[in-house]
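The values are calculated or read from the model by the stated rules, or taken from the named source; none is laboratory data. This one's a predicted model, so the numbers in the text were calculated from it and none came from an experiment. Note that each Cβ is placed from the backbone with ideal geometry, even for glycine, and that neighbours are counted across all protein chains shown. Areas reflect the complete protein model, heavy atoms only, side chains present, ligands, DNA and RNA absent. Shrake-Rupley method; radii C 1.70, N 1.55, O 1.52, S 1.80 Å.
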Amino acid sequence: EKGTYPHFMLKEIDEQPFVMRRIIQEYQDERDNLKLDEDVQRAMMACDRIYIIAAGTSYHAGLVGKQFLEKMAGIPVEVHVASEFSYNMPLLSEKPLFVFISQSGETADSRSVLVKMKEMGHPALTITNVPGSTLSREADFTLHLHAGPEIAVASTKAYTAQIAVLAILAVGTARAKGLELDFDPMQELAIAANAMEVLTDQKEAIEALVRENLGTTRNAFFIGRSTDYFVCLEGALKLKEISYVQAEGFAGGELKHGTIALIEKGTPVIALATQENVNYSIRSNVQEVVARGANDMIFSMKGLEQDTDAFVLPRVHELLTPLASAVPMQLLAYYAALHRDCDVDKPRNLAKSVTVE
Ligand code: M6R
């Protein structure tokens, strides 16, 4: 039920801080220590490489998850688009572990990889919002997203839940391997939940940005570096999916290799600047596009902001910035679709779960 909300998507965006807190609870023991299923821990310890398989938004969460698993748990990770995996199957390591990320647990492209990998005898873990789903039943292990039903076709709370559960998977594995982390992950997730709550209260500011900058545009670029780049891919997917604006996410450093040719007077360029180590370089990319007439909107993080930024996010741990930056990206898409009278919850040509290959 959407209650007083005009759309499921807006309700689901607003639910994100609560979903974060539920995830923290569900993955904590009675002494507030992180709790990760022992079989999952064993599988993580036994593998020498992780292959993440997913589609769409779940694939974008996988790109963020790779950073967690490599940086915190020290396991090499490859992230693959499910529908492409069979054509360009990589040489597998000796002890691969397959991790399927799927909100619905029913995506046919992902399932077909799962079936093949099981036939080859490889272990599989599914991270899903629907524990009884096909991908959950057919894998060896399941981690639940605890996001509650997601009705809008555009995935929002499942994306941030996937990122949080991937962080927990990485931290739990690091602990099991005896690796030390220099921060308290559960506390940082709680801080991120609070940041999400602050952000969901800033709808008017985002709506105003949409009105000023995305009103009639036919295209929009999202640029970022490092983790911000992955959130740009997701921000662009959200916008194109529900508002039909042609939007693409680009790595800041790639612009000069071709894409910058597309910049014209007034082209909206949304830039994410939430990472200290790339703050300088992404800002120089923004200058490059502004010099060619682009209409820039910089979303930065407290502590890294400059006067001309369009929006400043509350500070969260640098590994968890997607949890915060995703929220204004979702709201941008929501209001862009709303102002164009698009069917926000049921965009044309799309289904909530894609059960055909
Ligand atoms: O249920 P899944 O997570 O497997 O779905 C994968 C994609 O179809 C899905 O994320 C899609 O990209 C969303 N509609 C994006 O908002």
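Laid out as a table, the results:
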{"quantity": "Kyte-Doolittle at least -1.0, axis length at least 20 Å by Cα - qualifying DSSP helices, the chain", "calculated": "56-73, 157-176, 185-200, 227-243, 321-339"}
{"quantity": "GNM top mover of ASP296, ASP182, ASP37 - the chain, alpha-carbon springs below 10 Å", "calculated": "ASP182"}
{"quantity": "Three-way shape call for segment 11-52 based on the alpha-carbon gyration tensor, with the a/c threshold at 1.5", "calculated": "oblate"}
{"quantity": "Given LYS35/LYS95; LYS95/LYS177; LYS116/LYS238; LYS177/LYS302; LYS35/LYS116, the pairs whose alpha carbons are separated by over 28 Å", "calculated": "LYS116/LYS238; LYS177/LYS302; LYS35/LYS116"}
{"quantity": "Accessible solvent surface per residue of segment 1-79, calculated while the other protein chains remain in place, 1.4 angstrom probe, Å²", "calculated": "45"}
{"quantity": "Whichever aspartates and glutamates have a C-alpha closer than 17 Å to that of LYS352, once near sequence neighbours (fewer than 8 apart) are set aside", "calculated": "GLU1, GLU12, GLU106, ASP109, GLU150, GLU234, GLU241, ASP343"}
{"quantity": "Computed lengthening from ARG315 to GLU1, 0.36 nm per intervening residue step minus Cα-Cα distance", "calculated": "109.8 nm"}
{"quantity": "Dipole magnitude (debye, nearest 20) for segment 108-188, charges at Cβ of Lys, Arg, Asp, Glu", "calculated": "300"}
{"quantity": "Cβ-placed point charges (K, R +1; D, E -1), dipole of the chain about Cα centre in debye, nearest 20", "calculated": "560"}
{"quantity": "Column: log10 I(q)/I(0), Debye, Cα scatterers of the chain, q = 0.08 Å⁻¹", "calculated": "-0.37"}
{"quantity": "Accessible area expressed per residue, segment 122-183, with surrounding protein chains retained (probe 1.4 Å, Å²)", "calculated": "30"}
{"quantity": "Rounded accessible area per residue of segment 198-307, 1.4 Å, Å²", "calculated": "45"}
{"quantity": "Computed magnitude of the charge dipole of segment 143-206 (debye, nearest 20; Cβ of K, R +1, Cβ of D, E -1)", "calculated": "280"}
{"quantity": "Max mean-square fluctuation residue, GNM over the chain, Cα-Cα springs under 10 Å, options LYS238, LYS177, LYS66", "calculated": "LYS177"}
{"quantity": "Accessible surface of the chain [probe 1.4 Å, protein heavy atoms]: carbon and sulfur percent", "calculated": "48"}
{"quantity": "Convex hull of Cα atoms in segment 66-125, direction-averaged projection (nm²)", "calculated": "4.4"}
{"quantity": "Whole-Å distance, taken between Cα centres, linking segment 10-36 and segment 252-292", "calculated": "35"}
{"quantity": "Protection-proxy order for peptides 197-207, 136-146, each taking the mean of Cβ atoms within 10 Å per residue, highest first", "calculated": "136-146, 197-207"}
{"quantity": "Fluctuation leader among VAL99, VAL269, VAL115 - the chain, Gaussian network, Cα springs under 10 angstrom", "calculated": "VAL115"}
{"quantity": "Hydrodynamic radius by Kirkwood, which averages 1/r over all alpha carbon pairs of segment 126-233, in angstrom", "calculated": "17.0"}
{"quantity": "Most positive-pole-ward Cα, TYR5, ALA54, THR267, against dipole of the chain from beta carbon charges", "calculated": "THR267"}
{"quantity": "Whether segment 196-310 is rounded, prolate or oblate, judged on the alpha carbon gyration tensor where a/c under 1.5 counts as rounded", "calculated": "rounded"}
{"quantity": "Cα gyration tensor category, rounded, prolate or oblate, for segment 55-203 with a/c compared to 1.5", "calculated": "oblate"}
{"quantity": "Value in Å of the Kirkwood radius, where segment 245-357 supplies the Cα pairs that are averaged", "calculated": "15.8"}
{"quantity": "Segment 49-89: GluC sites (Glu not before Pro) falling in loop per DSSP and having at most 16 other Cβ within 10 Å", "calculated": "none"}
{"quantity": "Euclidean distance between Cα centres, segment 63-129 to segment 174-203, Å", "calculated": "25"}
